[in-house]
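The structure under discussion appears below in the form of C-alpha cells.
Throughout, read-outs are computed from the coordinates displayed, never taken from laboratory work. Owing to the predicted nature of the structure, the values given are computational and were not obtained by experimental measurement. So basically every Cβ, Gly included, is an ideal-geometry build from the backbone, and we count neighbours across all protein chains shown.
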Amino acid sequence: MFQAPLETSTPDAETFKERPAREVGTELRALITAHARHHVTVAQSSNMAAPSSALRTLQHVQNKGLKRIFSGIQPTGIPHLGNYFGVITSWVKLQEECSSVLYSIVDLHSLTIPREPAVLRESILDITAVLLACGVNPQRCFLFQQSQVPEHTQLSWILGCLIGIPHLQHFPQWKLKKASQTSGGTVGLFTYPVLQAADILLYKSTHVPVGEDQILHLELTQDTARHFNKKYGEFFPVPKVLLTPAKKVKSLRDPTSKMSKSDSHKLATIGITDSPEEIKLKFRKAVTDFTSEVTYDPEHRLGVSNLVAIHSAAAGLSTEEVVQQSIGLDTAHYKAVVAEAVIEKLAPVRNEFKRLKEEKSYLEEVLSSGAEKARELATPVYWEIKRLVGLN
C-alpha cells in the first residue's frame, strides 16, 4: 500500500530519497555528486539559495509545513528573464524548504504545439541544463522527464473519465490557443488540464507553486481530487496553491504585454543565456517615453517602470532603492545600468549552461535517474488507483 504524503517532521536521508533508484550505480552517484558541488558554487556566486556542499544534500532539511511539492516546466525554448525571476528562483528556494520536491520537464504538454522531433530532443536537454545552471540540485529534488514516467498518461485517462467536457471548455487558455491554431485546436490541447491534474495527483502532491494565470488549472485538479475521493474513498490530498512571487517582467518592446519566449520581435525578450552584447542591445532598444527622469510609476510610465522592476530583481534591491540610486541619470544612460546589472546576475548561469551543454551524457543521466526515482513513487500510487476503480 502507498503511504500517505511525507510527514512534516524532518526526514532522514533515506526518507527524503524515497528509496533511491535501484542500482543507480556508483559511477553515476559520484558523477551527480561532483556536479552538484559545482552547481552549488555557481548558485552561491549569483546569490541563489543552494546547499554549501553536496554532502549537505544527505543531511536533514528544514520543512516548513510543506509535505510534497510538484511543479513542471515545458521544454519550449530557453527561459527568459521573467521565468528566471519568477518560477526558477522559486524552485531553487523550495528545494531547500521542503523534504519532498518533484520538478518535471513536461515534454508531453509541449506537443500541443507541433514541434520538430530533433528540436524537441534538444530543447529537453537545454531546459535541463538551464535548471541545473540556475541552482536546481538533483540531490535535493527529483528532476525528471515527464514522458519517462508512463503513469502520467495512464492516470490522465482515468481522470479524464471523471471530468465533464463543459469544465474544460471554460478554460481561457483553450479559447485563446484554439483561436491561434488553424485546425481549431487539437484533442491534446483540449485535454491539457487533465494531464496536468494527473501530473500533480500521481505523486499525492500537497502543494503546487503556480503563477496567477495557472490558478484555474489547479482548481480543476482540486475538484478532480475531491470528485475521486467522493466516488472511491479518501485517497488524494487536495493540493494547495503556492503562489510564486509576482515578478511581472514585461516585453522590452511592448511594456503592456508580458515578456514571452514566443514574441515575434527578437528584441523584446531577454533569454537567460543571452550574451552580454545581446543583452546590451535589447536594453538599448527598450521602449520608454519622452521623460528622461527615472521613476517607478507602473500605471503611467510602463516602459521605465519595467526597467526599474528588472533592475530591482537583478540587484536584489527594492524599487525605491533603485530609483534613489538612479537620481541624475536619464533613461538612455539608465538602460546601460540595467543591462550591466542583468549581465552580472546571469553571467554564472550562462557560463554554467555552456559547460553543461558539452556534457550531454550527464544531462541524460540526471533525467534517467530522476525518472527512476519518480516511478518508485508513482507506481504504487497508480496500482492502488487501478484497484480502487476496479482495473486491478
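Potential lengthening of the chain between residue 115 and residue 284 amounts to 57.6 nm, from the contour at 0.36 nm per residue minus the alpha-carbon distance. Pairs exceeding 18 Å between alpha-carbon atoms, taken from 93/250; 250/335; 204/240; 204/373: 93/250.
Taking a sphere under 15 Å around the Cβ of residue 198 and counting the other residues whose Cβ falls inside, with K and R at +1 and D and E at -1, yields a net charge of -2.
Using a/c under 1.5 as the rounded threshold, could you call the stretch 109-155 rounded, prolate or oblate? The axes a ≥ b ≥ c are square roots of the C-alpha gyration tensor eigenvalues, and prolate needs a/b larger than b/c, oblate otherwise.
Working: a/c = 2.91, a/b = 1.23, b/c = 2.35.
Judged from the Cα gyration tensor, the stretch 109-155 comes out oblate (a/c at least 1.5, b/c at or above a/b).
Based on the alpha-carbon set only, what is the convex hull volume of the stretch 181-326 divided per residue, in Å³?
Values: hull volume 25.0 nm³, N = 146.
Considering the Cα atoms of the stretch 181-326, their hull volume per residue is 171 Å³.
Computed over the stretch 235-392, the percent of Cα pairs more than 24 Å apart is 51.
Would you work out which of 304, 238, 255 lies farthest towards the positive end of the dipole of the stretch 219-314, given +1 charges on the beta-carbon of Lys and Arg and -1 on that of Asp and Glu, about the Cα centre? So the residue we want is 238. Stretched out straight at 0.36 nm per residue, the stretch from residue 364 to residue 327 would grow longer than its current Cα-Cα span by 8.4 nm. For the stretch 336-392, the alpha carbon convex hull comes to 132 Å³ per residue, rounded to a whole number.
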